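The values are calculated or read from the model by the stated rules, or taken from the named source; none is laboratory data. As the structure is a computational prediction, the values presented were derived from the model and not from experiment. Quick reminder, even Gly has a Cβ in these numbers, built from the backbone with ideal geometry, and neighbours come from all protein chains shown. What goes into the accessible areas is simple: the full protein's heavy atoms, side chains included, and nothing from ligands, DNA or RNA. Shrake-Rupley method; radii C 1.70, N 1.55, O 1.52, S 1.80 Å.
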Amino acid sequence: MRNTPHSPAARLGRRGLLAVSVLALAAATGCSSDDDVQLTGSFADSPVTGLDVAGQATKPHKTDANGQFTYLASEVLSFSIGNLVLGSATGASTLTTLGITSGATAASDRRVTNKLVLLQTLDADGDLNNGIQITDAIRGLVSSNAASINFDQTTAAFATSLAPLMTALNAANVFTDLDPRARTVRSSTAALEHFARATSPRQVVSTTGGQLSGFEANASTWQYLGIPYAKPPVGELRWRPPQAPAAWTGVRHAVAWSDQAAQNPTYQALNEGGMSEDSLYLNVTAPKNASKLPVMVWFHGGAFTILSNNSRQYNNPTGVTTKGVVLVTVNHRLGPFGYLAHPLLTAEAEYKGSGNYGQMDLVMALTWVKNNIANFGGDPANVTIFGQSGGGGKTYSLMNSPQAKGLFHKAINQSGASALLANSTPASSLASNEAIGSAMFKRLGVTTLAQARALPWTQIVQSDIDAGIPREIYRPAVDNYHLPKTYYQNVQDGMPSDVPFMVGATSGDYASLRGDLPVFMSQRSALYKSPQYVYRFSRVPDGWAAMGLASGHGGEVPYLFNYPAGMASNYTLGLVLTNAGAKPPIADLNGNGVTGTAGDIADITTSMGWGTADTAMVDTVLTMWTNFAKTGNPSLAGLAWPAYTPANDTYMELGPVTPVVKTGMSTAYK
């Protein structure tokens with residue numbers, strides 16, 4: 001079991017996870033000028049537990065649970081992991097791998113970088129937010145391999161050289177994280193980025209779980225990564241509603257990405273952090289001067305099955321927070337872990353239903369926002385939920401859940417609206433989902449919940465891959481608890497959350513989404529009480545417009561988060577398509593022998609021709625979306641955006657260059 005803040009190991013062994021810790025911790029028992037006075041310092045990146053410390057006079061010892069060591073004034077200390085020498089330096093209140101590496105002036109010195117890579121790779125539980133834990137078992141294996149570890153080589157060569165050590169560590173089962181796959185060497189890029197976050201200016205806030213120490217994302221923004229909002233849903237908690245996490249003592253760091261939700265491992269490289277079922281964490285980005293600002297909670301796309309909110313794009317500190325809002329991004333259970341129903345699960349549950357666990361995670365996250373966001377400068381009485389594609393679907397599903405009522409006050413559904421099924425009933429909806437679960441159990445060869453809960457997540461995911469199960473098969477359905485009624489019934493009876501609503505699609509979106517949006521609006525608008533605002537996004541960078549491309553699925557997202565690199569990601573994900581549905585060819589524009597079509601990001605970026613009109617559209621979209629979050633009306637100064645009604649058939653055209661109010665929504669998406 002990973003030593004997360006909610007595990008017994010964490011409560012016993014990780015007390016006082018460092019308060020303002022990383023940059024300032026010195027406890028002297030007397031006058032600092034007295035060379036015989038024992039002083040206390042800390043070894044940081046994340047605080048490192050279990051390093052061997054030796055001094056000229058101080059008795060050899062190990063850094064404690066808070067990364068602390070003792071020393072005498074002016075004493076030179078050496079740090080090692082058994083026989084592996086890391087370096088030495090004169091004792092100080094804070095020492096790092098940079099400070100103990102002779103002659104190094106920056107973490108980019110390859111000796112320093114390689115030490116960071118090693119230490120972060122060796123963390124026993126894989127959770128850098130509760131420090132780096134070097135256990136006796138890990139120390140022993142590192143010590144026995146010390147002769148083959150040379151820090152003064154390229155990072156690529158260093159990673160390769162660690163292969164025998166990693167084989168030994170994995171064979172000895174020394175790692176306690178919840179990913180059953182073998183631990184791999186951390187990338188040098190990830191190691192340096194973590195070090196930069198950990199050693200940047202820090203900000204401590206209080207939450208219901210305990211204190212958190214975030215970091216300075218830029219000169220005007222604080223950021224907090226990997227905040228737990230529920231217990232890891234593993235073992236007996238798999239396929240159950242989320243449980244609140246236990247509180248921790250001391251200060252938990254919030255500088256490391258959590259794991260992404262369990263899914264096809266191919267997608268792990270697209271975002272940040274590892275991958276496991278221990279993924280119920282959220283991220284907060286807030287202006288430094290935030291006070292009672294509107295809150296925007298983002299749900300990522302990927303149907304209900306793939307991808308993550310551990311994204312540079314979604315957490316960009318130069319995005320929505322520059323317009324005076326607090327941003328929260330949430331990770332939650334996906335696919336067969338988040339949306340599976342099964343007759344055995346239905347029989348087990350007191351409410352006699354199953355499925356929607358990923359949606360319940362989002363309710364738990366919104367409850368965390370309600371209880372904690374004020375301490376980050378947000379207003380819990382002004383929360384907007386928004387998402388694109390599957391994230392838009394998650395948003396609309398929450399509007400249909402009585403559990404989520406009152407936890408948010410506005411909603412935005414981007415390319416996630418589907419026609420409502422008028423003939424669906426609660427019984428048929430649940431039965432359809434249960435049939436999917438029954439088929440999965442049959443493929444896995446299990447007949448009991450105990451057997452199914454004992455399987456590693458990788459086996460469940462691989463079973464779906466091998467069987468060619470489409471990711472769209474997993475989605476919310478009636479469960480007699482989170483969703484007691486069908487979406488169509490809620491339209492007729494009154495939505496649990498009838499709140500101001502924005503909805504739209506892109507000009508080159510999937511045909512099914514473009515076709516469904518007008519139907520969706522016609523089915524529900526007559527009975528919906530709150531204002532609704534419809535848009536069609538048609539801006540495309542000039543280079544791609546010259547290629548005859550329309551704004552594809554997700555085409556508005558890089559504008560919304562002020563992240564042009566997201567356009568290149570859309571291309572590599574196959575979201576940028578010609579009218580014929582093919583990936584447009586991009587040549588080798590920089591002459592490096594690799595075409596944009598083959599994945600050269602530089603070529604893709606050049607081909608876009610991102611320019612001043614795109615920068616202007618970024619500001620337009622950011623302002624409209626955040627105005628909606630602030631007031632429930634996305635209008636700009638000098639440009640009113642009329643609320644949609646069936647009578648006026650009005651929508652906002654966002655592009656090709658500037659926003660324009662138009663009529664004819666019912667036919668605009670053909």
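Is it fair to say ASP509 is charged (D, E, K, R), open to solvent by less than 20 Å² (accessible area, probe 1.4 Å) and not in a helix (DSSP H, G or I)?
So ASP509 passes the test.
Taking the criterion of being of a type in the set (D, E, K, R), at pLDDT 95 or above and open to solvent by 20 Å² or more (accessible area, probe 1.4 Å), would at least one residue in region 381-401 satisfy it?
no
Which of the residues that make up region 156-202 are outside any loop (DSSP other than H, G, I, E, B), open to solvent by 40 Å² or more (accessible area, probe 1.4 Å) and hydroxyl-bearing (Ser, Thr, Tyr)?
THR160, THR167, THR189
Return the residues of region 99-121 that are in a helix (DSSP H, G or I) and β-branched (Val, Ile, Thr); say none if nothing qualifies.
VAL112, THR113, VAL117, THR121 - these are the residues of region 99-121 that are in a helix (DSSP H, G or I) and β-branched (Val, Ile, Thr).
Which of the residues spanning region 436-453 are surrounded by 12 or more Cβ atoms within 10 Å (Cβ to Cβ) and part of a helix (DSSP H, G or I)?
ILE436, GLY437, SER438, ALA439, MET440, PHE441, ARG443, LEU444, LEU449, GLN451, ALA452, ARG453
Given the residues ALA411, ALA477, which is the only one that is touching a Gly at 6+ places or on another chain (Cβ under 8 Å), in contact (Cβ under 8 Å) with a residue 40 or more places away in the chain and not polar (S, T, N, Q)?
ALA477
Do we find a residue being closer than 30 Å to ALA381 by Cβ, surrounded by 13 or more Cβ atoms within 10 Å (Cβ to Cβ) and among the hydroxyl-bearing types (Ser, Thr, Tyr) anywhere in region 584-602?
No, there is no match, as no residue in region 584-602 is closer than 30 Å to ALA381 by Cβ, surrounded by 13 or more Cβ atoms within 10 Å (Cβ to Cβ) and among the hydroxyl-bearing types (Ser, Thr, Tyr).
Based on this model, can you work out whether SER463 counts as surrounded by fewer than 16 Cβ atoms within 10 Å (Cβ to Cβ), in a helix (DSSP H, G or I) and of a type in the set (S, T, N, Q)?
no
Any residue in region 576-588 that is under 27 Å from the mean Cα position of the chain (by Cα), on the phi > 0 side of the Ramachandran plot and not charged (D, E, K, R)?
Scanning region 576-588, I find no residue that is under 27 Å from the mean Cα position of the chain (by Cα), on the phi > 0 side of the Ramachandran plot and not charged (D, E, K, R), so the answer is no.
Hey, could you check region 645-670 for residues that are in contact with a strand residue (DSSP E or B) (Cβ under 7 Å, 6 or more places away or on another chain) and assigned to a helix (DSSP H, G or I) and say which is farthest from PRO518 (Cα to Cα)?
ALA668
So, ASN382, is that one in a strand (DSSP E or B), touching a Leu at 6+ places or on another chain (Cβ under 9 Å) and under 30 Å from VAL621 (Cα atoms) or not?
yes
I'd like the full set of residues that are over 20 Å from ASN627 (Cα atoms) and under 22 Å from the mean Cα position of the chain (by Cα), limited to region 400-414.
Across region 400-414, the qualifying residue is only ALA404.
Evaluate the following for THR208: is it among the polar types (S, T, N, Q) and out of contact with any Phe, Trp or Tyr (no Cβ under 8 Å at 6 or more places or on another chain)?
Judged against the criteria, THR208 is not a match.
What are the residues in region 111-121 that are in contact (Cβ under 8 Å) with a residue 40 or more places away in the chain and open to solvent by less than 20 Å² (accessible area, probe 1.4 Å), if any?
THR113, ASN114, LEU116, VAL117, LEU118, LEU119, GLN120, THR121
With respect to ASN150, is the statement that it is touching a residue at least 60 places away in the same chain (Cβ under 8 Å) and not aromatic (Phe, Trp, Tyr) true?
no
Kindly indicate the residue of region 168-224 that is touching an Asp or Glu at 6+ places or on another chain (Cβ under 8 Å) and small (Gly, Ala, Ser) and also farthest from ILE460 (Cα to Cα) among those meeting that condition.
If we take residues in region 168-224 being touching an Asp or Glu at 6+ places or on another chain (Cβ under 8 Å) and small (Gly, Ala, Ser), then SER200 is farthest from ILE460 (Cα to Cα).
Take LEU282 and tell me if it is open to solvent by less than 10 Å² (accessible area, probe 1.4 Å), out of contact with any strand residue (DSSP E or B) (no Cβ under 8 Å at 6 or more places or on another chain) and not in a loop (DSSP other than H, G, I, E, B).
No: the conditions fail for LEU282.
Inside region 476-495, can you point out the residues that are part of a helix (DSSP H, G or I) and of a type in the set (A, V, I, L, M)?
VAL491
Which members of region 53-110 meet the condition of being surrounded by 15 or more Cβ atoms within 10 Å (Cβ to Cβ), under 14 Å from GLN38 (Cβ atoms), more than 35 Å from the chain's Cα centre (by Cα) and among the polar types (S, T, N, Q)?
THR58, THR70
Taking the conditions exactly as written (touching a residue at least 24 places away in the same chain (Cβ under 8 Å), surrounded by fewer than 22 Cβ atoms within 10 Å (Cβ to Cβ) and farther than 23 Å from THR63 by Cα), does GLY140 satisfy them or not?
Taking the combined requirement at face value, the residue does not satisfy it.
Please determine, by comparing only the residues of region 222-249 that are outside any loop (DSSP other than H, G, I, E, B) and more than 18 Å from the chain's Cα centre (by Cα), which one is surrounded by the fewest Cβ atoms within 10 Å (Cβ to Cβ).
Among them, the one singled out is GLU236.
Checking the structure you have, find out if any residue of region 399-412 is in contact with a Ser or Thr (Cβ under 9 Å, 6 or more places away or on another chain), among the hydroxyl-bearing types (Ser, Thr, Tyr) and more than 30 Å from SER538 (Cβ to Cβ).
Yes, there is a match, as at least one residue in region 399-412 is in contact with a Ser or Thr (Cβ under 9 Å, 6 or more places away or on another chain), among the hydroxyl-bearing types (Ser, Thr, Tyr) and more than 30 Å from SER538 (Cβ to Cβ).
What are the residue pairs meeting all of these: first residue in region 616-638, first residue assigned to a loop (DSSP other than H, G, I, E, B), second residue polar (S, T, N, Q) and open to solvent by 10 Å² or more (accessible area, probe 1.4 Å), Cβ atoms under 7 Å, and 6 or more apart or on different chains?
Close Cβ pairs (under 7 Å, with a partner that is polar (S, T, N, Q) and open to solvent by 10 Å² or more (accessible area, probe 1.4 Å)) amount to ASN633/ASN627; PRO634/ASN627; SER635/ASN627.
Working only within region 61-98, note down all residues that are modelled with pLDDT of 95 or more, within 19 Å of HIS253 (Cα to Cα) and either in contact with a helix residue (DSSP H, G or I) (Cβ under 6 Å, 6 or more places away or on another chain) or in a strand (DSSP E or B) (or both).
Hits for region 61-98 are GLN68, THR94, LEU95, THR96, THR97.
Quick test of your reading of the structure: TYR229 fulfils all but one of (1) in contact with a Phe, Trp or Tyr (Cβ under 8 Å, 6 or more places away or on another chain); (2) hydroxyl-bearing (Ser, Thr, Tyr); (3) within 26 Å of LEU116 (Cα to Cα). Name the failing condition by number.
In the conditions (1) in contact with a Phe, Trp or Tyr (Cβ under 8 Å, 6 or more places away or on another chain); (2) hydroxyl-bearing (Ser, Thr, Tyr); (3) within 26 Å of LEU116 (Cα to Cα), TYR229 misses (3) alone.
Could you give me the residue pairs with C-beta distances under 7 Å whose first residue belongs to region 206-223 and is at pLDDT 95 or above, whose second residue is aromatic (Phe, Trp, Tyr) and crowded, with 21+ Cβ neighbours inside 10 Å wherever it lies, and which are 6+ apart or on separate chains?
Correct list of pairs: GLY209/TRP248; GLY210/TRP248; LEU212/TYR224; GLY214/TRP222; GLY214/TYR224; GLU216/TRP222; GLN223/PHE215.
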